[in-house]
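Participant: Starting off with a structure, shown below.
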Amino acid sequence: MRAIGRWIRADMRASVGQAIAVAGVVAGVVTALLLSAGLLQGATNPWQGLFTASRGAHIWLHLAPGTDADSIRSLPGVTAISSPEEATAATMVQTWQRTRVELRAMRPVPPAIGRPLLSSGRWLSRAVPAGVVLEVTLAEAVHAAVGDELTLDNVDGSIATRVRVVGLAETADQGFYPDQTPGLIWVLPGLLQRVEPDAGRTQKVVGLQIANPARTGFVVQEVVTQVGSSAVGSVSTWQQVKQSMARRNPLLGLVLALFGLVALGAAVLAIINVTSGRVLVQHAELGMLQALGFTPAQLTLMLTAEHALLTAAGIVAGLLGARLLMPLLFGAVPGGSPASVAVPAGWSALIVGGTVASVLLATAVPAWRAGRAWPVAAVRAGPRGHLSRLATTAMAARLPPAMVLGSRAAFVRRMPAVLTVAGLAVPMVMITIGLGFWATLDDVRANPASVGLATVTAGPGSLTMAQAARLIAADRDVQASYRCVQAVGLVPGETTTITTLAMGTSRRPYPFVVASGHLYHAPEQAVATQALLDAFGVHVGQFIQMYFGGVPVTFRIVGRIIDPQYGGEVLAYGTDTLAYEGAPMATGFYSLVLRPGVQPAAAASRLRQISGGRLDVGLVSNPGDQLGVLRAALGALIVVLALIALTSLLTALRVGIRDHQRDVWVLRAMGLTPVQVKTAVVVRTTVLALVGVTVGAAAGRVVSSYLISAVSQAYGLGAGLGRAASAESVAATIAVAVIGAAVAGALSARTDSQNQAAVVLGP
Amino acid sequence: MTNGADTLLLRTVGLSKIFRGDGVSVPALRGVDLALHPGEFAAVIGPSGSGKSTLLHMAGGLEPPTSGEIWLNGQRVDGLSQARWAKLRRRHIGFVFQFFNLVSNMTVADNVELAALMGGATRRQARHRREELLAELGLAGKADAAPARLSGGEQQRVALARAMANRPSLLLADEPTGNLDSAASQAVLRLLATAHADGQAILLVTHDARVASAADRVISLFDGTVIDDAPMVLPRLPASPETSAARPRVRAPLSDVLKLRG
């Protein structure tokens, strides 16, 4: 064992570069897989910490004014109820934008249940009657800070109130803005009445704590029965809030998982290549070690143990990397304890175990084969082959001998050549797919209409709907506008409320991108996204019933659409459906479809200008923007894959140089100049690189369109979205790989020529 | 089977090796019988392709024979597995090759100590043995050098130190001077002679008659068979006219042997 340990130490010192490459590859693969597991599992969830610290409520109810909330207190399962506070909708006005918010009245003494956690500034106090506290994620989104002066407009814009931000706070009542809207602002009761004196436009907000959180749905049903569904404006449960707070980005998680798994496979290939290559290069030494008395089992153990150490180092680095990157990638998590950004333990164990097993297998097989060979047979080993007809023809045709010999040398050892080509092709396939994803994201960003997004919304603000409609119609950049109302529906049995969209009318429905079926053409017809259909367990052609302000409405699903808003869960129908059923309907806003080529931001600011700031103009966020993180992740993955490919290439170089060393003086004696001899080495590595990356790029292009379509279809972004990587980007990648291989070959050819002939001419 | 074989260090009976590849069979050794006593220094000489290196490799278990028997210290070893052979080599057999075969990524000291550690020495014992050997071989100052920085002769001396680290019963040397200049060759041969004087048994393979003359006994191989096996007696200058009458038996050159065979 001492002898084995000594050899491992000496060998790692001698081939530091290769050792670092192997450890780096393992670290990259492990980080990618851990991050994907975390994302798919929703690991980054600060909800628990916030809920406990703020003594959160399991259920939040928005009740109609005048509802008797006390009767809820006596319901079975309810352990505590917060004192009802008032809430109203308002618009927060800053110089450059208007944002819809919800004002919640709270007293200077924070409540027992659901107390906001102050993160900066001060809480509300009577000393500052115009002071407001903003929820942290809202403040971040609108760039508001403590000390800022804002204006709060009431719902119809008839009253504007100047206020000052005195503090920022976190809460477990509601998910993060803008995933959940509207944003929350806490105000003193007196201020709320100043902003919105009309009591009819306020609601009562009540928070419930229950004994058994698992029975939340049951309790909600009882509450709705108790107070009547017409009194219930909206319900939110702790499960909804927790889910919305989870940084669950399934698309990103899936991409990382896919790349991570393929990277693991490619890493295994690369490590097989490295170990076989090293066995080939060091066969004389390994044979001599056997002569010294190392048994075949000890040789296998030695090589495997060396790689096991490197793998362990790589895994530790990968675990640390994942820990560091998770919060870094997704920003500081408010209220999150370190535990909330850790990857679930079960997944970590699976990933670490799988990586260790794969790498050990990749090492053990070539190492075992090395041990099996008799020492002398090992010492005598050299590449076998003959000058093929192709090569002789090429030489006879006076092609440069360096090119011919170099190209031939690339494939003289079959197995290593196959491993090298595969080791380059597999990463190249994934890199090409990654470039395809990138191109698709660029497409979505440049052309959001392809995913069915209207980009600009315009609320009437202080105008009437008719005035707003006229202004909008007059704008030359607006191709069409559709009246939209967000209606909150209570789903019986599901015990939740969901925000539905009444957009356009049955005669003139909003032009959603329809994946199957058709748009709504009559009252009570509706379209839904795949995610919503999955959530309710229904298909196109079936029915969903909901209560809007106590009025039951039954929808028949006539089509499946693509829309990424609301986390991909959208139910849309004509505004005439609500009128037809007699359900209450808010004023709503206009959703604008811009002419092609018009920038949303420019159109929005012009609309504000021509309306004198009275139109409530907003921008709909583009998934292409939010997926900036996806781009960063793709970039990092491409680097890891490139590292894997480089490892394979360097191995091929080592083997090639060893073979080349035998022949260099012979070739020179035959009449090849030193330059020609070096060129042969460069050609050898370049040919291997060219074959490998070209095969990979071709396979990648074929696969990537299908793959991206499949993934985006699964996540409600629509089929037909996938775009293969552009020819230019693929060609550039191939060029980089081939030039890199040529440079590496040139550098090693240079050092090699300094060896003395006597040393080189081995048995 | 006891027939005086128990006193022999190495014995081969009808040892044969046939290399097969690409549908061609090449017999490298044809039924070689060999016997080496403890402490004996024998040289195997022959032209290229005569099978001498093959004989040496099989004697040390680096290559399996096609047929025949190999006995080492009274124990039959030709059928041993690679693992058993490896363990045998640790304590009982030392190898010196033509091309030094040092571990390139270890220092001179490490190369020698590695062999000692393999033989079961503790770290302290390995270090002592290494210091002792390197001093004997005049390489004490090169302990921390990398093999690549040494001359051919120095590397071969390190290989010799490594081979003798465990005081093996048998030292097998395959063309130890084949890659050295004459001065280095002389130095290595002197070292082998010294080791032999200390009781080391050596089986040396060479194509050079002058190198073979350092041994007690010369075995001639040609085309895979032993054609001569005789003690090497150096001609002594006659001390007096009376002793000159006793003519010493001198080895005939190889060419004469070939003529005899016709």
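The values are calculated or read from the model by the stated rules, or taken from the named source; none is laboratory data. Note that this is a predicted model, so its numbers are computed, not measured. For neighbour counting, all protein chains shown are included, and Cβ atoms are generated from backbone atoms with ideal geometry for every residue, glycine included. With ligands, DNA and RNA removed, areas are computed over all heavy atoms of the protein, side chains included. Shrake-Rupley method; radii C 1.70, N 1.55, O 1.52, S 1.80 Å.
Participant: Which of (1) facing chain A (nearest Cβ under 8 Å); (2) under 22 Å from the mean Cα position of the chain (by Cα); (3) polar (S, T, N, Q) is the odd one out, the single condition B:GLN156 does not satisfy?
Facilitator: (1)
Okay, residues lined up against (1) surrounded by fewer than 16 Cβ atoms within 10 Å (Cβ to Cβ); (2) within 12 Å of another protein chain (Cβ to nearest Cβ):
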{"position": "B:LEU171", "(1), (2)": "no, no"}
{"position": "B:ASP174", "(1), (2)": "no, yes"}
{"position": "B:THR177", "(1), (2)": "no, no"}
{"position": "B:ARG190", "(1), (2)": "yes, no"}
{"position": "B:ALA195", "(1), (2)": "no, no"}
{"position": "B:GLN200", "(1), (2)": "no, no"}
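Participant: Of the conditions (1) in a helix (DSSP H, G or I); (2) within 11 Å of chain A (Cβ to nearest Cβ), B:HIS128 fails just one. Which one is it?
Facilitator: Result: B:HIS128 fails condition (2) only.
Participant: Quick one: is A:ARG104 open to solvent by less than 20 Å² (accessible area, probe 1.4 Å), assigned to a strand (DSSP E or B) and out of contact with any helix residue (DSSP H, G or I) (no Cβ under 7 Å at 6 or more places or on another chain)?
Facilitator: yes
Participant: Which residues, taken from segment A:57-80, are of a type outside the set (A, V, I, L, M, F, W, C) and in contact with a strand residue (DSSP E or B) (Cβ under 9 Å, 6 or more places away or on another chain)?
Facilitator: A:HIS58, A:HIS62, A:PRO65, A:GLY66, A:THR67, A:ASP70, A:ARG73, A:GLY77, A:THR79
Participant: For the subset of segment A:183-210 comprising residues that are of a type in the set (S, T, N, Q) and either under 36 Å from the mean Cα position of the chain (by Cα) or within 19 Å of A:ILE113 (Cβ to Cβ) (or both), which member is least open to solvent (accessible area, probe 1.4 Å)?
Facilitator: A:GLN209
Participant: Which one of these does A:ARG445 not meet: (1) modelled with pLDDT of 85 or more; (2) among the charged types (D, E, K, R); (3) touching a helix residue (DSSP H, G or I) at 6+ places or on another chain (Cβ under 6 Å)?
Facilitator: Unmet condition: (1).
Participant: Among the numbered criteria (1) surrounded by fewer than 24 Cβ atoms within 10 Å (Cβ to Cβ); (2) free of Cβ contacts under 8 Å to residues at least 40 places away in the same chain; (3) under 20 Å from the mean Cα position of the chain (by Cα), which single criterion is violated by B:ARG123?
Facilitator: (3)
Participant: Just wondering, is there one or more residues in segment B:68-80 that are part of a loop (DSSP other than H, G, I, E, B), open to solvent by 10 Å² or more (accessible area, probe 1.4 Å) and aliphatic (A, V, I, L, M)?
Facilitator: Among the residues of segment B:68-80, at least one is part of a loop (DSSP other than H, G, I, E, B), open to solvent by 10 Å² or more (accessible area, probe 1.4 Å) and aliphatic (A, V, I, L, M), which makes the answer yes.
Participant: Right, next: For residues in segment B:33-56 being touching a residue at least 60 places away in the same chain (Cβ under 8 Å) and part of a strand (DSSP E or B), which is surrounded by the most Cβ atoms within 10 Å (Cβ to Cβ)?
Facilitator: Checking each candidate, the answer is B:VAL44.
Participant: Ok, one more. So, B:THR225, is that one crowded, with 23+ Cβ neighbours inside 10 Å, at pLDDT 90 or above and among the hydroxyl-bearing types (Ser, Thr, Tyr) or not?
Facilitator: It is false that B:THR225 is crowded, with 23+ Cβ neighbours inside 10 Å, at pLDDT 90 or above and among the hydroxyl-bearing types (Ser, Thr, Tyr).
Participant: Further, regarding this structure: So which pairs qualify, if the first residue must be in segment A:2-13 and more than 7 Å from chain B (Cβ to nearest Cβ), the second must be part of a helix (DSSP H, G or I) and open to solvent by 50 Å² or more (accessible area, probe 1.4 Å), the Cβ gap must be under 7 Å, and the two must be at least 6 apart or on different chains?
Facilitator: Partner pairs satisfying both residue conditions: A:ILE4/A:LEU301.
Participant: OK, next. Check whether at least one residue in segment A:533-547 is out of contact with any strand residue (DSSP E or B) (no Cβ under 7 Å at 6 or more places or on another chain), within 24 Å of A:VAL142 (Cα to Cα) and either in a loop (DSSP other than H, G, I, E, B) or at pLDDT below 80 (or both), and report yes or no.
Facilitator: No, segment A:533-547 contains no residue that is out of contact with any strand residue (DSSP E or B) (no Cβ under 7 Å at 6 or more places or on another chain), within 24 Å of A:VAL142 (Cα to Cα) and either in a loop (DSSP other than H, G, I, E, B) or at pLDDT below 80 (or both).
Participant: So, one more: Looking only at residues that are within 35 Å of the chain's Cα centre (by Cα) and open to solvent by less than 30 Å² (accessible area, probe 1.4 Å) in segment A:211-232, which one is farthest from A:SER82 (Cα to Cα)?
Facilitator: A:GLY217
Participant: If you go through segment B:118-129 one residue at a time, do you hit one that is at pLDDT below 85 and either touching a Phe, Trp or Tyr at 6+ places or on another chain (Cβ under 8 Å) or not small (Gly, Ala, Ser) (or both)?
Facilitator: Yes: segment B:118-129 contains one or more residues that are at pLDDT below 85 and either touching a Phe, Trp or Tyr at 6+ places or on another chain (Cβ under 8 Å) or not small (Gly, Ala, Ser) (or both).
Participant: Which ones in segment B:86-113 are out of contact with any strand residue (DSSP E or B) (no Cβ under 9 Å at 6 or more places or on another chain), more than 7 Å from chain A (Cβ to nearest Cβ) and in a helix (DSSP H, G or I)?
Facilitator: B:ARG91, B:VAL108, B:ALA109, B:ASN111, B:VAL112, B:GLU113
Participant: So, one more: Just to be sure I understand, how many residues within segment A:548-580 are surrounded by fewer than 16 Cβ atoms within 10 Å (Cβ to Cβ) and not in a loop (DSSP other than H, G, I, E, B)?
Facilitator: Residues that pass the stated criteria total 6.
Participant: Given the residues A:ALA425, A:ALA410, A:ALA417, which is the only one that is within 22 Å of A:VAL702 (Cβ to Cβ) and either under 36 Å from the mean Cα position of the chain (by Cα) or in a helix (DSSP H, G or I) (or both)?
Facilitator: Answer to the check: A:ALA425.
Participant: Pairs, please: C-beta under 7 Å, at least 6 apart or cross-chain, first residue farther than 25 Å from A:THR393 by Cα and in segment A:405-434, second open to solvent by 40 Å² or more (accessible area, probe 1.4 Å) and among the charged types (D, E, K, R)?
Facilitator: So the pair list comes out as A:THR432/A:ARG701.
Participant: Can you tell me how many residues in segment A:668-720 are of a type in the set (Ser, Thr, Tyr), at pLDDT 75 or above and part of a helix (DSSP H, G or I)?
Facilitator: 6
Participant: Which residue out of A:ALA105, A:ALA90 is under 12 Å from A:PRO182 (Cβ atoms) and either of a type outside the set (Lys, Arg) or touching a Phe, Trp or Tyr at 6+ places or on another chain (Cβ under 6 Å) (or both)?
Facilitator: The conditions single out A:ALA90.
Participant: Now for a different question. Kindly indicate the residue of segment A:620-641 that is surrounded by fewer than 18 Cβ atoms within 10 Å (Cβ to Cβ) and farther than 15 Å from A:ASP442 by Cβ and also modelled with the highest pLDDT among those meeting that condition.
Facilitator: Here the residue is A:VAL639.
Participant: A further question follows. Do we find that A:GLY287 is more than 7 Å from chain B (Cβ to nearest Cβ) and either more than 21 Å from B:ILE93 (Cα to Cα) or open to solvent by 10 Å² or more (accessible area, probe 1.4 Å) (or both) in this structure?
Facilitator: Taking the combined requirement at face value, the residue does not satisfy it.
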